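Here is the structure we will look at.
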Amino acid sequence: MDQHRKYAYRYLLYWAMLDIRSLRWPPRGMRRISPFFWARHIRDIRQRGQIAEWLHNMADFSCRDFADFDEQRFWSEYERLILACPGFSYYRSIFQNALTHSQTGRWPSEDEQRRRDA
């Protein structure tokens, strides 16, 4: 695996950690007593747990400079993740954008992203 792909995988891991990190802040005020809030919050916790489950092996491979990392398996597991959590389907674009940035030194424009993702 080349350095550009390694960079893109590490960048993807960073963004996923930002999604998981939001669980740190507990609800405030009246939301704490709302059963509707808690139902949604529990769903969010489970979905972010699925992100952690998907990425924990990739984090380990990153520590070992991606030796023996199976990209095909990683992206197959991603497809299963977005079936369960469609709200996180943007991870593929994050990876592709970071890969382009690493290869060219610039982030792809919105138009380039739309054409690529079409």
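Computed from the coordinates by the stated procedures, all read-outs in this text should not be read as laboratory data. None of these values were measured; they are calculated from a predicted model.
In the range 1-71, what is the volume of the convex hull around the alpha carbon atoms, normalised per residue and reported in Å³?
Dividing the Cα hull volume of the range 1-71 by its residues yields 80 Å³.
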As an exercise, take the mean of 1/r over every pair of distinct alpha carbons in the range 3-117, invert it, and state the Kirkwood radius in angstroms. 15.8
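Normalised by the residues of the range 3-117, what does the relative contact order come to in percent, with Cα pairs under 8 Å and at least six apart?
Numbers: 63 pairs, mean separation 46.0, N = 115.
Relative contact order, the range 3-117: 40 percent.
Test of understanding: what is the full-extension gain from residue 10 to residue 114, defined as 0.36 nm times their sequence separation minus their Cα-Cα distance? Don't skip to the end; give the middle numbers.
Numbers: separation 104, 0.36 × 104 = 37.44 nm, distance 2.30 nm.
Gain on stretching residue 10 to residue 114: 35.1 nm.
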